[in-house]
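Q: Take a look at this one; I'll ask things after.
The values are calculated or read from the model by the stated rules, or taken from the named source; none is laboratory data. Predicted model only: the values in this text are computed from it and were never measured. The accessibility values were calculated without ligands, DNA or RNA, using every heavy atom of the protein model including side chains. Shrake-Rupley method; radii C 1.70, N 1.55, O 1.52, S 1.80 Å.
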Amino acid sequence: MPSTPGFANQPALRTTLRVVGVVSMSVALVLIAVAITDFFASVDTMQGPTKFWMFFLAMPFFIVGGAGLQWGFLGAAARYGAGETMPVVKDSASYLSDGQGVLGVGRTVDDRPAPTRTGPFCSTCGVRNDDDAKFCDACGATIG
């Protein structure tokens with residue numbers, strides 16, 4: 001039995017990572033906001049900030065949230081990157097190899113011989129067809 005790449009329950013894992021990422025980042029942002037607000041509120045007072053420790057507590061949440069979001073959206077980011085870069089790679093390979101391509105990428109030259117047709121011309125569009133053609137290969141009109 002052929003195995004498929006990835007984890008057995010990959011969509012659920014991806015969703016879990018995204019949810020954990022959003023929740024962890026939200027907790028981190030709230031803790032950072034409280035710490036910064038407390039810090040600036042204590043500037044005019046003689047006592048120092050009392051909740052600035054929340055900033056340091058936010059760092060693990062921030063790291064876990066960032067990792068969860070990165071891993072949860074990794075496939076989408078890779079597909080986007082490939083979609084943006086591969087047309088450029090193909091055009092570059094075609095340009096650099098004069099249409100011959102590099103390892104099959106970017107080949108635009110068609111070295112195959114054109115099929116020779118000796119049949120009648122279509123009266124509608126003028127395309128030459130096979131000897132035994134009943135309908136035009138280009139426009140579908142009846143040949144006769």
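Q: At a 1.4 Å probe, what is the % contribution of carbon and sulfur to the accessible area of the stretch 3-104? Mind dumping the intermediate values first?
A: On the way: 5390 of 7520 Å².
Ligands and nucleic acids excluded, carbon and sulfur reach 72 percent.
Q: Moving on. With a 1.4 Å probe and every protein chain left in place, work out the accessible area per residue of the chain in Å², rounded to a whole number.
A: Values: 10950 Å² over 144 residues.
So the chain comes to 76 Å² accessible per residue, rounded to a whole number.
Q: Tell me the accessible surface of MET54 in square angstrom (1.4 angstrom probe, heavy atoms of protein chains only), to the nearest ten.
A: The value for MET54 is about 40 Å².
Q: Pairs of Cα atoms under 8 Å, at least six residues apart: use those to get the relative contact order of the chain, whole percent. All intermediate terms of the calculation are to be shown ahead of the outcome.
A: Details: 148 pairs, mean separation 22.0, N = 144.
Relative contact order, the chain: 15 percent.
Q: Identify which of the listed values of Rg and Dmax of the Cα atoms in Å was calculated from the structure shown: (1) 15.5, 47; (2) 14.3, 48; (3) 31.9, 103.
A: Of the labelled values, this structure produces (3).
Q: With every protein chain present, what accessible area does THR142 have (1.4 Å probe, heavy atoms only), rounded to the nearest 10 Å²?
A: We get 100 Å² for THR142.
Q: Additional query: Please report, in Å, the Rg and the Dmax of the stretch 1-52, where both are computed over Cα atoms only.
A: 20.8, 72
Q: Also, I was wondering about something else. Per-residue accessible area for LEU74 at 1.4 Å probe radius, Å² rounded to 10?
A: 100 Å²
Q: Whose amide H sits under 5 Å from the amide H of VAL102, counting only residues 5 or more places off or on another chain, with H placed in the peptide plane?
A: ARG107
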